[in-house]
Amino acid sequence: MQTTARLPLLNWRRVNIGLFLSACIGMAFALYLQHYQFLDPCPLCIFQRIGLMVMGVFALLGVLHNPRNLWIGRLYSGLAFLGIAWSVGVAARHVWLQHLPPEDVPACGPGLDYWLNVFPMQAVIQKVLHGSGECAKVDWSLLGWSLPHWSLLFFVVLALVCLWQLVRRI
């Protein structure tokens with residue numbers, strides 16, 4: 001009598017497909033807001049997108065490679081987690097900036113394009129994470145929460161899935 005091994009309900013490939021599709025949906029919504037609702041992303045929004053894309057790329061690599069080795073699967077999950085953890089941190093900073101009293105909000109400065117052309121990358125990252133007045137402005141809200149609040153919630157859920165994927169036992 002031959003027995004077949006049953007795959008776990010949430011195997012590596014399915015979870016990675018879900019993470020990749022979540023990144024695609026998140027980016028599609030961000031691009032919809034930018035191109036059809038005419039909400040230009042601030043530098044912190046752009047940095048959040050970068051982390052989301054990094055997570056999506058490593059989730060896609062996990063789907064395409066579908067490693068049989070547990071440690072390689074965990075490597076993909078760990079790298080995806082690092083990408084989305086970046087987005088969580090940047091979104092948390094963005095939420096914090098939006099809750100500052102108006103007199104404590106950093107002044108608006110030149111755009112990200114200017115900073116990338118003039119300063120070294122380390123200085124650009126420091127300036128973006130410091131924030132600016134445009135990052136503290138609330139342009140869009142749903143149910144009383146601004147876009148950075150919703151983004152933070154979305155990123156935290158994705159980070160928890162990546163972390164679970166990283167440490168779960170098979």
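None of the figures in this text is laboratory data; all of them are computed from the coordinates on show. Note that this is a predicted model, so its numbers are computed, not measured. Every residue, glycine among them, receives a Cβ derived from its backbone with ideal geometry; neighbour counts consider all protein chains shown.
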Computed E for Gln34/His99 - FRET, C-beta separation, R0 22 angstrom, nearest 0.05 | 0.40
Report the trypsin sites (Lys or Arg not before Pro) located in segment 33-78 that are in a DSSP loop and have at most 14 other Cβ atoms inside 10 Å of their Cβ, or state none.
-> Arg68
